[in-house]
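The numbers here are math on the coordinates, done by the rules we state, and not lab data. Fair warning: this is a prediction, and the values are worked out from it, not measured in the lab. In this analysis, Cβ positions are derived from the backbone assuming ideal geometry, glycine residues included, and neighbour counts consider all displayed protein chains.
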Amino acid sequence: MLEVKDLTYLYEDGTKALENINIELGKGKKIGIIGANGSGKSTLFLNMVGVLKPKRGKIVYNGEDIKYSKKYLREYRKKVNIVFQDPDKQIFYSNVYDDIAFALRNIGYSEEEIKNRVDKVLKRVGAYDFKDKPVHFLSYGQKKRVAIAGILVMDGDIILFDEPTSGLDPLMTREIVSIIDDISKNKTIVISSHDMNLIYEICDYVYVLENGNVIDEGLVTEVFTKEKVLKKAGLEEPWLVKIHKRLGIPLFKYEEDFFNYWRDRFGSGIDWS
Ligand SMILES: Nc1ncnc2c1ncn2[C@@H]1O[C@H](COP(=O)(O)OP(=O)(O)OP(=O)(O)O)[C@@H](O)[C@H]1O
């Protein structure tokens, strides 16, 4: 599992982007990192994958401090990886299939094994139908799928999603959310976003970043009811939380719990099917 311990990061111009951050991914299966623009989310992710090296503190993976040699990082990124906000940062080849096959070819898998793996991830993210298309013909949402497939094919343990739905229309947002949800069944995922509805829906545990500091953490059902914390972080309450508050009913994370609550109160008078 991955831990961020007492991490402080300074950019070359002296900007202190993160200060004394402590994060433990073991606290949830789907972790949200929430914060306004400039709060430090991307900087944190780049530290977590070893692209940036902290000024103080460390990243601990499976009990061992990560190292910054090329050799170590090559192995590390087979386990811990990031899907960038902008898919163009992630796609290097002009053809979808080759782009996803790239990392596997580097590792030295046979072409047959590569084809099996690539086809499997392309199907999983709904990109199989355009696998032979040149990347520059793809829509933004299609590129996003390809970028996710390129990470998924590594079959690591942890995937960080930096603002996974920014720039997507509502339909594509739903599709990417369902892909992420599916991935989370057998991997730990971390999502950074300032879309609170998205985080509330997907994540079980959240860290709130404000100006480079973690100002709160906890289960989404706890943190999202703290109006003051969200306000301080420059974030909005999810719409579902607002409704619960106005109606004066407890906050439920899952639909089933919500219906059970009403069923207990009104019983058979309402059709709950
Ligand atoms: N290369 C850089 N050099 C100097 N300062 C930087 C650099 N990149 C980011 N920063 C600063 O570090 C702080 C954190 O930025 P970061 O991009 O990590 O925030 P963020 O939460 O990901 O923002 P956004 O939601 O807008 O993507 C900001 O003050 C930003 O201006």
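Side notes on the structure shown:
- In a DSSP loop and with at most 12 other Cβ atoms within 10 Å, the GluC sites (Glu not before Pro) in the range 12-46 are 12.
- When peptides 234-245, 80-91, 144-155 are sorted by average Cβ neighbour count within 10 Å, with the highest value leading, the order is 144-155, 80-91, 234-245.
- Over the chain, relative contact order from alpha-carbon pairs under 8 Å, at least 6 apart, %: 24 percent
- Among 183-190, 251-258, the peptide with the highest mean count of other Cβ atoms within 10 Å heads the list, and the full ranking is 183-190, 251-258.
- Computed per residue of the chain from DSSP H runs no shorter than four, each worth -39500 (n - 2.57), the mean residue ellipticity at 222 nm is -11500 deg cm²/dmol.
- Residue pairs exceeding 21 angstrom between C-alpha atoms, taken from 30/67; 144/242; 30/79; 78/185: 30/67; 144/242.
- Ordering 209, 248, 223 by Cα displacement along the dipole of the range 203-273 toward the positive end leaves 248 in first place; charges were set at the Cβ atoms of Lys, Arg (+1) and Asp, Glu (-1).
- Among the listed pairs 120/253; 70/115; 55/143; 29/55; 115/143; 29/231, those beyond 30 Å (Cα-Cα): 120/253; 55/143
- Extreme residue, positive dipole direction of the range 2-237, given options 128, 7, 142 (C-beta unit charges): 7
- Using the alpha-carbon positions of the range 39-117, Rg (one decimal) and Dmax (whole number) come out as 14.9, 45 Å.
- Two numbers describe the Cα atoms of the chain: Rg and Dmax, which are 20.1, 65 Å.
- Pairwise centroid distance, computed over Cα atoms, of the range 1-60 with the range 110-163, Å: 27 Å
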